[in-house]
Amino acid sequence: MKLVNSQEMKQIDSKAINDYMIPGLVLMENAGIRTVEIVEEILDGAAGKTVLVLVGKGNNGGDGLVIARHLMNSGAQVFVFALGRPEAFPPDARTNFEILKKMGGQFYELQQEADLDSLMICLLNSDLIVDALYGNGFKGRLNDYEARLADMVNWCKKPVVAVDIPSGVDADTGLVHGTAIRATHTVCFALPKIGLVLEPGKDYVGTLSVADISIPRTLLLDNQLKTNLITADMVGPFIKLRPAESHKGTFGHALVIGGSVGLTGAVVMASYAALRTGAGLVTAALPESLAPIVDGVITEVMAAPLPESGEALIGLEAVAVLDNLMGTVSVAAIGPGMSGHAEAAAVMRHVLQRAGIPLVIDADGLNALVGNTDIFKDRQVPIVLTPHPGEMSRLTGKSIAEIQAGRLEVARHYAVEWGVTLVLKGNKTVVADPFGNLYINIIGNPGMATAGSGDVLCGIITGLIAQGLKATEAAVAGVYLHARCGDRVAEQKGQRGLVAGDMIAVLPEILCSFENQTL
């Protein structure tokens with residue numbers, strides 16, 4: 001599903017009106033009707049109920065006036081409180097005000113302190129509140145008067161239906177400066193806005209519904225809209241049933257390179273995750289003194305001992321072994337548990353320069369690239385980078401705070417600049433491709449912030465590429481599957497005790513649910 005910012009939504013509305021000749025009044029009417037349907041459902045019928053509708057000075061307020069009119073027709077007692085005078089409403093909203101007035105609607109202006117006292121009385125006696133104060137164009141913060149109004153609404157703890165977006169939430173970023181109205185249900189029109197799925201805005205949304213208001217489907221599927229929400233429907237086509245005429249080679253051979261003293265588990269988990277994702281063969285390449293650990297823990301994974309430097313660290317002589325291995329596999333993951341040792345880092349850079357297969361670079365593989373990101377520019381093979389914010393900070397020179405404040409655009413910028421698929425991990429993991437497309441994951445839970453979780457994700461993505469998915473497809477599907485596994489474990493065991501191995505254990509179940517089309 002596409003996600004849009006405020007400017008993109010404005011352009012879609014404009015094209016619907018100007019290119020497809022759909023009057024703005026029709027769009028406004030449809031938006032109001034769709035919202036009333038939700039209100040009726042929440043109230044189990046509007047007849048005999050009291051509804052307070054808050055309207056602003058723009059077309060979002062016009063939607064609110066349509067809602068008020070239809071609720072009156074349904075038998076509800078409706079009070080409309082407006083910020084500003086009707087004379088200042090834009091044309092379509094003004095038209096709906098005139099209709100409401102002819103119907104005898106109860107309309108009050110919010111201008112003075114005393115008006116807030118009247119509002120409070122209505123708030124206390126209402127069964128539901130409709131927030132149509134501000135829409136997608138809102139930026140900054142509510143003024144003092146509006147903030148007091150929002151606080152009053154929140155204090156009443158009545159059901160609140162927000163029209164398109166809760167007032168006070170930035171539609172582009174999800175940021176809330178000061179306060180915002182906390183909705184129990186938000187009805188957004190045509191497409192979800194980016195700010196509805198990002199914290200803190202997401203916390204003000206409540207239940208989110210996406211309503212069809214008759215905007216042509218071609219506008220909603222435009223390839224120029226480059227931000228997407230990762231959903232089960234998007235991932236499903238990537239998890240295909242296996243053909244009867246198959247052998248292990250059909251499903252690819254994944255190589256996982258890494259390991260050092262104390263960090264062998266990272267290679268083990270990444271390798272096992274690749275295997276459980278469905279790779280036909282998996283080889284773990286790690287320092288030779290550590291190779292027996294893999295043999296003892298996962299008998300299905302092959303171990304490839306690498307020459308060492310120092311105490312169980314990958315040495316420069318491993319280059320020749322890896323050159324041979326790389327010619328026999330479908331994809332390689334580099335970095336889990338590798339350590340930041342200079343020789344291991346040099347080996348990693350050699351592999352990147354020589355590889356003729358897709359690469360997934362994680363953990364210390366990423367750290368080996370600090371100051372060397374120009375190495376990406378001449379590479380023709382697909383590359384997936386999986387940094388957390390700290391690793392992204394080291395790669396880009398930006399502070400973690402800068403990265404977290406602009407996760408979407410940071411991921412997009414560097415994926416395009418480096419020509420890679422970039423998975424910026426964290427709450428709301430973002431996948432960015434070399435063409436400027438973004439994919440946002442909104443599932444998962446805080447219990448997944450545990451040792452080895454990133455290694456599991458690395459292995460899942462690697463296993464999917466081994467089976468033939470393209471780099472970005474594998475990253476998108478891998479992020480979603482990883483999060484779904486985390487949520488399944490949290491349902492079964494809670495978040496606090498969740499460990500990375502638990503996610504690998506439920507991975508076959510999650511994959512099976514896709515194959516059976518039950519997710």
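FYI, it's all coordinate maths here, none of it is from the lab. Not measured: the values here are computed from a predicted model. Glycine also receives a Cβ, built like all others from the backbone with ideal geometry; neighbour counts cover every protein chain displayed.
Applying the condition of being in contact with a strand residue (DSSP E or B) (Cβ under 8 Å, 6 or more places away or on another chain) and part of a loop (DSSP other than H, G, I, E, B) to region 1-47 and asking which residue is nearest to ILE99 (Cα to Cα) yields ASN5.
Specify the residue that is nearest to the chain's Cα centre (by Cα); the eligible residues are those in region 85-144 that are of a type in the set (Asp, Glu) and part of a helix (DSSP H, G or I). In this case the residue turns out to be ASP144. Given VAL161, VAL197, which one is in contact (Cβ under 8 Å) with a residue 60 or more places away in the chain, out of contact with any helix residue (DSSP H, G or I) (no Cβ under 9 Å at 6 or more places or on another chain) and among the aliphatic types (A, V, I, L, M)? Just a single option satisfies the conditions, and that option is VAL197. Within the group GLY486, GLY478, GLY468, GLY501, which residue is crowded, with 22+ Cβ neighbours inside 10 Å, within 25 Å of ALA285 (Cα to Cα) and of a type in the set (Gly, Ala, Ser)? Going through GLY486, GLY478, GLY468, GLY501 in turn, the sole match is GLY478.
Among the numbered conditions (1) in contact (Cβ under 8 Å) with a residue 40 or more places away in the chain; (2) within 26 Å of GLY356 (Cβ to Cβ); (3) part of a helix (DSSP H, G or I), the only one that VAL256 does not meet is (3). VAL261 satisfies every condition listed in (1) among the aliphatic types (A, V, I, L, M); (2) within 30 Å of ALA304 (Cβ to Cβ); (3) surrounded by 19 or more Cβ atoms within 10 Å (Cβ to Cβ) except (3).
Residue count for region 236-258, restricted to those that are surrounded by 14 or more Cβ atoms within 10 Å (Cβ to Cβ) and either touching a Lys or Arg at 6+ places or on another chain (Cβ under 9 Å) or not β-branched (Val, Ile, Thr) (or both): 8. Identify all residues within region 9-55 that are within 27 Å of ASP222 (Cβ to Cβ) and in contact with a Lys or Arg (Cβ under 9 Å, 6 or more places away or on another chain); write none if there are none. Hits for region 9-55 are MET9, GLY32.
Let's see how each residue does on (1) within 18 Å of the chain's Cα centre (by Cα); (2) of a type outside the set (A, V, I, L, M):
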position	(1), (2)
PRO382	no, yes
PRO387	yes, yes
GLY390	no, yes
THR396	no, yes
LEU408	yes, no
ALA415	yes, no
VAL423	yes, no
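Report yes if ALA180 is more than 27 Å from ALA474 (Cα to Cα) and among the aliphatic types (A, V, I, L, M), otherwise no. In short, yes. Filter region 69-84 down to the residues that are of a type in the set (A, V, I, L, M, F, W, C) and assigned to a loop (DSSP other than H, G, I, E, B) and list them by number. The answer is ALA76, and nothing else. Only residues that are in a loop (DSSP other than H, G, I, E, B) and under 21 Å from the mean Cα position of the chain (by Cα): list them for region 169-178, please. Result: ASP170, ALA171, ASP172, THR173, GLY174, LEU175.
Scanning region 145-160 for residues that are surrounded by 14 or more Cβ atoms within 10 Å (Cβ to Cβ) and in a loop (DSSP other than H, G, I, E, B) gives LYS158, PRO159. For region 11-61, the tally of residues that are among the charged types (D, E, K, R) and more than 29 Å from the chain's Cα centre (by Cα) stands at 6.
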